[in-house]
Amino acid sequence: MLKQSLQYKLLQKLSPQQIQLMKLIQLPTQAFEERLKQEIEENPALDTGKEESDSFEDDMSNEYDDTGTEKIDAEDINIDEYLSDDEIPSYKTQANNYSSDDDEKNVPYAAGTSFHQSLKNQLNTFSLNDEEKSIAEFLVGSIDDSGYIRREILDLVDDLAFTANIFTTEEKVLSVLKKVVHNLDPIGVGARDLKECLIIQLKSKEKNKTRALAINILENAFDHFVKKHYKKLLEKFSISEDELKEVNTEISKLNPKPGSSYSGNNKIAEQIVPDFSIKIIDGELDLTLNSRNAPELHVSREYNNMLKGYQESNVKTKSQKDAVFFIKQKLDAAKWFIDAIKQRQQTLLVTMNTIMHYQYEYFLTGDERKLKPMILKDIADKINMDVSTVSRVANSKYVSTPYGTKLIKEFFSESMKNDQGEDVSTREIKKILETVIQEEDKKKPLTDEKLSKILKEKGYPIARRTVAKYREQLELPVARLRKEI
């Protein structure tokens, strides 16, 4: 039997302007500057900087439909509303948020050849026939950014045949790899795994007893060395602890990722530009918003003159009306964008100011153990904003503090009860765990079970599996891998 039912749903839909505002809030400083440039390029009604201009009285009311869905009569356009509002921004951004040391600093980057181009250039120093050079160039092109060739030799042979029309053998490719590619700078590039990478680097150095022993250990007991099975190494090679320490020190000087260290590799790391700055002035915290988030925008002089010309004209032609209609659309967009920037600034400042006062003790001292448990809802409730808005600020913004530049979301953490029944931040527990591991006897590192007992003694009843989870989040290895000779 079929049943029919009528269901009503109440849906809250965001307007395009609200969606754009949320996107603006989420942008960090550098991305916001790019968005600002884009808007200025696309909207000729927007201009930057201060301009002196004639003043106009705002004595008319807004009589247009801002939905933009109906044909607007140019006679009804409230011209004075734009002329009086946009000559000088209604918000003084630079005066409120600028600090003397907050100037934009352009970091110069030296131009140079790329990592792979440098390797190819080095091939010219070898005496190679056409086939060998083609194979060498193909191998160089197969090196990843860390400096490794991750593919099997047989696969490379097949690719050479299909893509470069070069028919060769595994032996030939392997010969070119070892005689040519493994001798390129930085030493270690072209290795197929970590073991080969380290051995290549050791063999390139001047020979001595320690390096010879290190090569022997890597070639014949690599797994034991990586897993720090030191007792097995001492027995297998009949060496003393001091000799093994010297080998350990020698290998620790090698580069496990030779490609990433290449100075000419023009993959410029993104420069972090703090969105906020917190300073301690006379024992009090002082918060400022990066001035680069506070542009000064207004309607351009050209558009002002166009509007004045229309207002003063006695005869208004159809082409003039069409032009004014176009101007009005651009002015609407400009006014909205200026207001959106103002809302963005207010949202950022209110959110960060609340976070700063919530974590006041931390920002005064820099002691992570004083970070209070704090979740997004704690801040959202205090500023009467949605959790998603706070998340947009926290996940993409950085703050400069006396203790370094921090990602704001790092100040958020869940809570748990200590043995006194008090809420403590998981960040505090992780910091204590990290300290305990740093101070442990590296000859007998503490297992997760022992770490759990120590934390319980300090008043933090945490299970072993939770200790393991926190240790992994801190990127600290298990006890066996923390062991030293």
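The values are calculated or read from the model by the stated rules, or taken from the named source; none is laboratory data. None of these values were measured; they are calculated from a predicted model. Positions of Cβ are backbone-derived with ideal geometry, glycine not excepted, and every protein chain shown enters the neighbour counts. We work out accessible area using only protein heavy atoms, side chains counted, and drop any ligands, DNA or RNA first. Shrake-Rupley method; radii C 1.70, N 1.55, O 1.52, S 1.80 Å.
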Study note, to complete from the structure: In the neighbourhood of Ile40 defined by beta carbon distances under 13 Å, the net charge of the other residues (Lys, Arg +1; Asp, Glu -1) is -4
Review point. Over all distinct alpha-carbon pairs, what is the Kirkwood Rh of segment 141-216 in angstrom?
Key: 13.5
**Study point:** Summed side-chain charge close to Val390 - residues other than Val390 whose Cβ falls under 12 Å, Lys, Arg +1, Asp, Glu -1
**Key:** +2
Check your understanding: Using a 1.4 angstrom probe with every protein chain in place, what is the largest-first accessible-area order of His229, His357?
Key -> His357, His229
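Taking the mean number of other Cβ atoms within 10 Å as a proxy for protection, how do you rank 336-346, 121-131, 146-156 from highest to lowest?
336-346, 146-156, 121-131
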**Study point:** Extension gain from Met22 to Asn220, taking 0.36 nm per residue of separation minus the Cα-Cα distance
**Key:** 65.5 nm
Practice item. Beyond 24 Å between alpha-carbons counts as too far, so tell me which of Lys406/Lys453; Lys37/Lys321; Lys236/Lys442; Lys253/Lys431 fall in that bin. Key: Lys406/Lys453; Lys37/Lys321; Lys253/Lys431
